[in-house]
Amino acid sequence: MPSASANYRTLLRTKGAAAFFLPTAVGRLGIAMTGIGIVWLVHARTGSYAAAGLVTGGFAVADAIAGPQIGRLVDLFGQTRVLYCAVGAHAGAVALLLVGAVPDLVAGVLVGATLPQLGALSAARWSALLSGERAAALPTAFALEALANGVSYMAGPALVSVLGAAGRPGSGALLAAALVVGGGLALAAQRRTTPPLTCRAERRHAGRALLRSVFLRQVALGLALGAFFGAMQVSVTAYAVGRGAPDTAALLYFAANCTNLVGGWAYGAWRHGGSPRRHQAVAAACLTLASLPLIFLDAPLAVGATLALTGLAVPVLLILCSVVTESAVPRAVLTQAFTWGNSASAAGIAGAAAVAGRVVDAGGAHGGFGLAAGASVVMTVLALSGLRDSSPNMLSAPAETKAQTGLPPT
């Protein structure tokens with residue numbers, strides 16, 4: 001896809017873009033490694049997967065709760081000041097975990113609570129960099145973010161597992177922290193692209209935007225998308241084990257992950273026209289149509305092909321959630337808005353994984369696939385209801401452009 005390469009190259013050649021995108025990509029790889037790194041470390045120390053799972057769960061919950069608060073601080077005090085504090089605190093929390101100076105659960109919670117929200121910070125920088133006449137390139141920028149995230153979550157856990165299998169269970173958590181801290185410090189040093197702070201009065205009024213239906217709908221979409229992920233993780237594993245071929249699970253995940261990258265790459269390269277919310281509704285409907293056959297399909301090849309189809313739609317939904325969120329809230333609370341979406345997705349993953357486990361125990365893997373399909377139906381309903389939020393000509397305009405042209409806010 002030469003045109004796709006040209007689009008992404010052109011985007012990264014925007015002044016200052018590569019300088020902040022590359023450090024966040026490095027840090028994002030570390031973030032993807034942190035959870036599984038905790039699993040290897042705690043299991044090696046205690047010999048218990050239950051203990052490892054408890055600590056990892058504490059890490060995930062703390063990250064989901066603290067993320068929006070860190071985003072709020074960034075909107076108040078700027079990325080540079082908050083990043084230096086968060087990165088220092090995160091390094092200290094990981095050190096406590098590695099040396100065992102405090103109980104593992106306490107250390108895991110501290111690691112999650114101090115995790116820098118690099119994805120949200122990078123998205124906010126893209127929004128500031130591509131404002132005004134260049135706002136049409138935002139979907140491509142958010143697609144690039146989704147690609148970096150997808151690559152990180154493919155490579156990161158595999159790298160940690162290689163280190164753990166080689167008899168170095170603590171190396172994964174240490175390497176993850178080094179990447180997060182290094183990427184965070186490098187990003188903090190890029191002051192030229194830091195989004196400008198807004199005045200106190202503007203921030204006070206801007207906070208109301210986080211209670212508007214258009215933004216809350218995106219948070220709900222993130223929650224449902226997380227539920228889809230959580231249900232799929234349990235169901236695919238249960239399907240492979242139930243057929244007596246547990247190794248098949250890795251192949252099925254690989255098929256979905258590969259098409260996930262392709263879908264995000266292709267959407268980012270496409271010349272976007274029309275309403276992002278309409279695209280969102282179409283993507284959610286396509287995900288529903290691709291997910292429903294999993295309820296009754298049983299042949300591995302058919303299941304793999306269907307999972308690959310779902311992988312095409314998922315990154316498009318992630319990209320469009322960022323696009324619609326960016327256009328729905330003022331810049332004064334944009335970082336916080338992005339972190340709320342991430343936290344909603346994390347909460348959906350955790351909750352659906354627990355529910356899917358019970359459903360699978362009771363009705364097999366196809367029951368779990370049904371739960372994932374139900375989450376996609378919820379996404380479709382939410383996306384379709386969002387079409388009524390405002391007229392089509394306003395849906396493709398960013399918030400700043402609307403303010404300049406006199407269009408009413410969404």
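For region 150-171 versus region 189-249, the inter-centroid distance based on Cα atoms is 24 Å. P(r) tail, region 206-410: Cα-Cα pairs separated by more than 32 Å, 20% of all pairs.
Take the Cβ-Cβ distance between ALA266 and LEU12 as r, set R0 to 30 Å, and report the resulting FRET efficiency rounded to the nearest 0.05.
0.95
Listed by Cβ neighbour count within 10 Å, with the fewest neighbours leading, SER345, SER322 appear as SER345, SER322. Here each label is just a point 7 Å from Cα along the line to Cβ, and for ALA166 and ALA354 those points are 3.7 nm apart. Across all Cα pairs in the chain, the calculated P(r) in 20 Å bins from zero up to the longest distance comes to 27, 60, 13, 0 percent per bin. Among ARG125, ARG277, ARG45, a tally of other beta-carbon atoms within 10 Å of each Cβ gives an order, fewest to most, of ARG45, ARG125, ARG277.
Applied to region 102-115, the Karplus parametrisation 6.51 cos²θ - 1.76 cosθ + 1.60 on θ = phi - 60° returns per-residue 3J(HN,Hα) values of 10, x, 4, 5, 4, 5, x, 4, 5, 4, x, 5, 9, 5 Hz, with x for Gly and Pro. With Rh defined as the Kirkwood radius, the inverse of the mean 1/r over Cα pairs, the Rg/Rh of region 227-314 is 1.03. Taken along the Cα-to-beta-carbon direction at a fixed 7 Å, the label points for ARG208 and ARG388 span 2.3 nm.
For ASP104, ASP247, ASP298, ASP75, what ranking results if the residue with the fewest other Cβ atoms within 10 Å of its Cβ goes first? All intermediate terms of the calculation are to be shown ahead of the outcome.
Numbers: ASP104 21, ASP247 7, ASP298 12, ASP75 26.
Ranking ASP104, ASP247, ASP298, ASP75 by Cβ neighbours within 10 Å, fewest first, gives ASP247, ASP298, ASP104, ASP75.
As a calculated quantity, the FRET efficiency between GLN69 and ASP247 at R0 = 51 Å, using C-beta atoms, amounts to about 0.80.
Normalised size of region 1-197, defined as Cα radius of gyration per 2.2 N^0.38 Å with N residues, equals 1.07.
Any read-out appearing in this document is the output of simple, stated calculations on the displayed coordinates, not a laboratory observation. All values derive from a computational prediction rather than experimental measurement. Note that we place each Cβ from the backbone using ideal geometry, even for glycine, and neighbour counts take in every protein chain shown.
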